[in-house]
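Report on the following structure.
The values are calculated or read from the model by the stated rules, or taken from the named source; none is laboratory data. The shown structure was predicted, so the numbers you read here are calculated from the model rather than taken from an experiment. Glycine gets a Cβ as well: all are built from the backbone with ideal geometry, and neighbour counts include every protein chain shown. Areas reflect the complete protein model, heavy atoms only, side chains present, ligands, DNA and RNA absent. Shrake-Rupley method; radii C 1.70, N 1.55, O 1.52, S 1.80 Å.
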Amino acid sequence: MPDPVSFGPDLADVFGPSQTDGGPDLVQLLTPEGERVHHPEFDHDFSAEELRGLYRDMVLTRRIDVEATALQRHGELGIWAQLLGQEAAQIGAGRALRPQDYVFPTYREHGVAYCKGVDPLRLLGLFRGVDQGGWDPNENNFGLYTIVIGAQTLHATGYAMGMQRDGVVGTGDPDRDSAVIAHFGDGASSQGDVNEAFIFAASYNAPVVFFCQNNQWAISEPIERQTRIPLYQRALGFGFPGIRVDGNDVLATYAVTKAALQRAREGNGPSFVEAYTYRMGAHTTTDDPTRYRLNDELEHWKLKDPIERLKVYLRRNGLVDQEFFDDLDAEAKELGHHLREGCKALPDPKPLDQFGYVFSEMTDEIAAQRDEFAAYLASFEGSHS
Amino acid sequence: MSTQKITLAKGLNMGLRKAMEDDDKVLLMGEDVGKLGGVFRITDGLQKDFGEDRVIDSPLAESGIVGTAVGMALRGYRPVVEIQFDGFVYPAYDQIVCQVAKYTYRSQGKVKMPIVIRIPFGGGIGAVEHHSESPEAQFAHTPGLKVVACSNPVDGYWMIQQAIAHDDPVIFLEPKRQYHADKAELDESATPEPLFTSRVVRPGSDATVLAYGPTVKTALKCAEAAESEGRSLEVIDLRTLSPLDMAPVYESVRRTGRCVVTHEAHVNLGMGAELAARVTEQCFYSLEAPVLRVGAFDTPYPPSRIEEEYLPDLDRVLDAVDRTFTF
Ligand SMILES: Cc1ncc(C[n+]2csc(CCOP(=O)(O)OP(=O)(O)O)c2C)c(N)n1
C-alpha cells in the first residue's frame, strides 16, 4: 500500500488546542496586571488626558450596558444584547475613528455608537420595540443595527467602494480621506456574506476594516465550531493582512484599529482585525450561559477585565485622583438616570405608523390599507369597552 | 423626430446608456457585465464608454453583488445590478428581502434604496436547469420591493430608465426569450407612460386576458386566433406586479365579464391567485364565470425538451378562454 498523499501537517497540530491567552501574535500594550508593554509595530504615545478619556468611555459604556440590562429585567425592554467584557474592543475601535469614517455595526455595538455620538437612549428603541433603529445613520455615520448576522459586512464594502468613487480615499488630506469599519462576531465569520465581503473588498482594494470581536462564543457555540485556525489568519487567504489584538486592552485595540483605518484611508485596502476578547455576560438577556460554559472560564476572563487593568495603570502612575473617580461616578449616575427615565418616556408608535415608510413615498395600495384600518379603528371610538 | 427599429435587448441597452448619461451616480454591476457586455449583451459597450468604475465586473457572488449595492446606495449611488439568470438570484435572496426591501422602513424613511435588480426571467430558450425560472411572486410578496416586467422593446427602453430614476428598490424582470426576438419602432422623443401602470395592449369585448413579460406575446396571439373564431379578447399587459395597477383591469372585466390570467410561473400562490382574488372582490357582480389561471404546473422547471408542454401556450390559454364561456 502506498502512503497517503501528504498535504502537510494537520492544522490542529500546528496551532494546538484553543488558547485562552490569544497566542504569540496577540498585540498587547497593557497587560491584565496593568503593566504597560511595548510593541515594535503598533506602539502609540498616549497622553494622560487620552488615557483618562478611554477609561471614562469604558466606564460609561459599561454603565449603559448595566442600565439596559436592568431595564430589561424590569420589563422595559423586550431583550438586550449585553457587551460586558467587550468595552475595550469597542472603545478602542470607536475612538480610532474620524468623523468622516462610517460604521456598519451588528446589534451589540453600543460602545461604538456612543463614540460616534449616538445618544445611548436611541439604542434602546429597537430592544424596547418602539422602532427599528431610532437614529439617522447619516447624521453620525453610524449605520442601523443589523440583526441578520454578517449582512452588514457587504454593506460596508459597498459603501467603501462608493467612497473610492467619491475620491475620498488616498488623497493625502487627513480631513478628507475616509474609511469604513464593519463590526461582526466570531460566529458571523462563518457566514457566506462575510466571506463574500472579504472577496469584494480585496478584489476592489476597498477602504474597509473588518473588525471581528471574537468573544469566544456564538450564543452556545464555541469558537472551535467556527474555525480550525486562528481567525485573523483567514485574512491572508483572502489577500489582505489580519491582526489579532488583545480586545481587552483598550490601548492596543485603539492603536491597531487606528493603523488599519489609516491604511484603508490611504488607499492601501482592507484589513482584518480580530479583537480577542470574551463575552462575560450572556449572549442576550434571554440566554443562559450556565448550560454550555464553565464557570472557571468566566473566572479566568474576569482577571482580564478591560476596565480594571487600565484603572490599575492610571492609579499606579498617578494619572488620576479621587476627584476624577467621583466626577466619573456622578457622570455615570446621570447617564443611568437619562436612560431609565428616557426609556420609559420613549413614545410607542401609533397603530397607523406601521404603514409609513414602506417606500420613500406612500403607494396607493398601502394608503388604501391604512385608510381601511383607520376606519376600522375609528369604528370603536365612542363604543364602551 | 427620427425613429428606429430595435429589439428588447437594444432597448434595454439604450435605456441603460441614457440613464448613465443623465445621472453620474448610476452604476452597473454584475457578472460579466463589463467587457463581455453581459451574457445576453444587454450592457454591451457600456464599460468601454463609462469606464470600469461605473460598469463593474463583480466577483461571482450574488449576495455580494446585492449586498454591496446596498452600501453603494447608502453612499448616494444608484446601483443597477444584473443577476445573470433568474435561478441564480436565490443566493442573494436574503440581501434582497431582508436588507434592500427593509432599509427604508427600518430607518423610518431616512434612507432610500434606489437599487434596480435586473433579472432575465422565464423559459423557452432550451436551457439547462436554473436558467428558465419565474420567481416574481417571491419578490412581489415582499413588502418594500417594487416588481415590474417589461414585454417589448419600447417598454424596455423607457421602463429601465424610469426604474433607475425611482427612489425605491425595483426588481426589473426581463423576458429573456424576447431579448432578440421581435423588433419595434422606438421614438425617443415620445413621452412614456408612468412606470407603475398596466396597459390595454389590445382592446376587445368578450373576455379579458391578463399577462406580463413573456406571456403578453402569447396572449396577443390568442386574441388573434380567437378573432378568427369570432371572439373578441381584450389583452392587458400588467407591466407592474407590485404595486399592481388594477383600475384598467377592473374596468375591462366589468365590461367583458370574463377574465383569464396567464403567466409562466407556477399557478399555486402565484400572481394569478392574487389577480383572481382581487378581480373577484371588485367585479363579483359583473363576472359571468370564475377567473381562470393558466400557468406552469407546480413542478420544477422540466428538461427543456418538454418545456413547451410546461409553459402556457396559445392552446392552453385559448382553452381557458373557451371554458369561461361554458359557465
Ligand atoms: C443569519 C442569522 N442566523 C442566525 C441568527 C440568530 N443569532 C443571533 S446572534 C447569533 C450568534 C452570533 O454570534 P457571533 O457572530 O459570534 O456574535 P456575538 O453575538 O457573539 O457578538 C445567532 C446565531 C441571526 N441573527 N442571523
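Here is how the numbers come out for the structure above:
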| item | result |
| --- | --- |
| The protein assembly as shown: antiparallel DSSP beta bridges as a percent of all, rounded to 5 | 20 |
| 10 Å Cβ neighbours from other chains, averaged over peptide B:91-102 | 3 |
| Shape category assigned to region A:202-258 from the gyration tensor of Cα positions, a/c cut at 1.5 | oblate |
| Shape of the protein assembly as shown, Cα gyration tensor, a/c cut at 1.5 | prolate |
| Zone of B:Arg254's modelled label, taken as backbone nitrogen in region B:185-213 under 18 Å from a point 7 Å along Cα→Cβ | B:198-200, B:204-209 |
| 222 nm mean residue ellipticity, helices alone, for chain A (DSSP H n ≥ 4; -39,500 (n - 2.57); rounded to 500) | -13500 deg cm²/dmol |
| Of the chymotrypsin sites (Phe, Trp or Tyr not before Pro) in region A:87-141, those whose Cβ has at most 13 other Cβ within 10 Å and which sit in DSSP loop | none |
| Of B:Pro300, B:Ser252, B:Ala181, farthest towards positive along the dipole that unit charges on Lys, Arg, Asp, Glu beta carbons give chain B | B:Ser252 |
| Solvent-accessible area lost in complex, 50 Å² minimum, residues of region B:56-71 relative to chain alone, 1.4 Å | B:Pro59, B:Thr68 |
| Share of carbon and sulfur in the accessible heavy-atom surface of region B:1-145 [1.4 Å probe, %] | 51 |
| Spherically averaged projected area of chain B from its Cα convex hull (nm²) | 16.7 |
| Sparse-neighbourhood loop sites, chymotrypsin sites (Phe, Trp or Tyr not before Pro) in region A:324-385 - DSSP loop, at most 13 other Cβ within 10 angstrom | A:Phe380 |
| Neighbouring partner chain Cβ atoms per residue of A:133-145, average, 10 Å criterion | 3 |
| Within 10 Å of each Cβ in B:105-115, the average number of Cβ atoms from other chains | 6 |
| Kirkwood-Stokes translational diffusion coefficient of region A:78-170, alpha-carbon pairs, 20 °C, 1.002 mPa s, µm²/s | 154 |
| Cα radius of gyration and Dmax for region A:191-325 (Å) | 17.6, 52 |
| Compactness of region B:4-186 as Cα Rg over 2.2 N^0.38 Å, two decimals | 0.95 |
| Kirkwood Rh in Å, taken over all unlike Cα pairs in region A:16-345 | 19.9 |
| Coil-residue GluC sites (Glu not before Pro) of region B:38-125, DSSP, other Cβ within 10 Å capped at 16 | B:Glu52 |
| Mean separation of Cα contacts under 8 Å (6+ apart) over length of chain B, as relative contact order % | 16 |
| Most mobile of A:Ile79, A:Ile223, A:Ile366 in a GNM of chain A (Cα contacts under 10 Å) | A:Ile366 |
| Mean ellipticity per residue at 222 nm, deg cm²/dmol - from DSSP H runs of n ≥ 4 across chain B, formula -39500 (n - 2.57) | -9500 deg cm²/dmol |
| Percentage relative contact order, region B:213-293, counting C-alpha pairs under 8 Å, at least six apart | 29 |
| Solvent-accessible area per residue for region B:45-134 (1.4 angstrom probe, square angstrom) | 30 |
| When region B:277-320 is reduced to its Cα atoms, the Kirkwood hydrodynamic radius in Å | 12.6 |
| Fraction of antiparallel bridges per DSSP, chain B only, in percent to nearest 5 | 25 |
| Length-normalised contact order of region B:1-103 in % [C-alpha pairs under 8 Å, at least 6 apart] | 26 |
| Cα-based shape type of region B:104-190, given that a ≥ b ≥ c are square roots of the gyration tensor eigenvalues and the cut on a/c is 1.5 | oblate |
| Surface accessible to a 1.4 Å probe, per residue, for the residues of chain A, Å² | 44 |
| Alpha-carbon Debye profile of region B:199-324, log10 I(q)/I(0) at 0.16 Å⁻¹ | -0.70 |
| Cβ-placed point charges (K, R +1; D, E -1), dipole of the protein assembly as shown about Cα centre in debye, nearest 20 | 320 |
